[in-house]
Amino acid sequence: MDVAALGTSMSQYQTQTDHAVKVTSMVKDQIEQNGEMALQLIQSAAPVAAPDPTSSLGQNIDIRV
């Protein structure tokens with residue numbers, strides 16, 4: 001293998017590596033953005049009211065055997 005061919009191969013390999021790093025970085029940024037949006041959605045959800053402990057709701061269960 002001559003020096004010119006080796007240089008070309010190394011250049012192509014470096015270009016592919018640079019591209020892979022860039023794509024991985026873009027995917028990581030997208031995942032972080034999706035996570036932030038999910039947290040905002042969870043935080044914006046209406047809080048669930050605590051059940052009234054003095055209420056009889058749910059105290060009786062009808063069971064037939």
Please state which of the following conditions Gly7 fails to meet, knowing it meets all the rest: (1) at pLDDT 85 or above; (2) small (Gly, Ala, Ser); (3) surrounded by 10 or more Cβ atoms within 10 Å (Cβ to Cβ). (1)
Quick one: would you say Gln12 is of a type outside the set (Ser, Thr, Tyr), surrounded by 10 or more Cβ atoms within 10 Å (Cβ to Cβ) and either more than 14 Å from the chain's Cα centre (by Cα) or not in a helix (DSSP H, G or I) (or both)? yes
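To keep it simple, each residue is scored yes or no on (1) at pLDDT 95 or above; (2) outside any loop (DSSP other than H, G, I, E, B); (3) surrounded by 10 or more Cβ atoms within 10 Å (Cβ to Cβ); (4) out of contact with any Gly (no Cβ under 9 Å at 6 or more places or on another chain).
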{"residue": "Thr24", "(1), (2), (3), (4)": "yes, yes, yes, yes"}
{"residue": "Glu32", "(1), (2), (3), (4)": "yes, yes, yes, yes"}
{"residue": "Gly35", "(1), (2), (3), (4)": "yes, yes, yes, yes"}
{"residue": "Ala46", "(1), (2), (3), (4)": "no, no, no, yes"}
{"residue": "Pro51", "(1), (2), (3), (4)": "no, no, no, no"}
{"residue": "Ser55", "(1), (2), (3), (4)": "no, no, no, yes"}
{"residue": "Gln59", "(1), (2), (3), (4)": "no, no, no, yes"}
{"residue": "Asp62", "(1), (2), (3), (4)": "no, no, no, yes"}
{"residue": "Val65", "(1), (2), (3), (4)": "no, no, no, yes"}
Only residues in the stretch 49-65 that are free of Cβ contacts under 8 Å to residues at least 40 places away in the same chain count as the first member; pair them with residues that are assigned to a loop (DSSP other than H, G, I, E, B) and among the hydroxyl-bearing types (Ser, Thr, Tyr), Cβ under 6 angstrom, at least 6 apart or cross-chain, and list the lot. none
For the stretch 15-62, give me each residue that is within 29 Å of the chain's Cα centre (by Cα) and of a type in the set (Val, Ile, Thr). Thr15, Thr17, Val21, Val23, Thr24, Val27, Ile31, Ile42, Val48
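The values are calculated or read from the model by the stated rules, or taken from the named source; none is laboratory data. Predicted model only: the values in this text are computed from it and were never measured. Cβ: placed from backbone, ideal geometry, glycine included. Neighbour counts: every protein chain shown.
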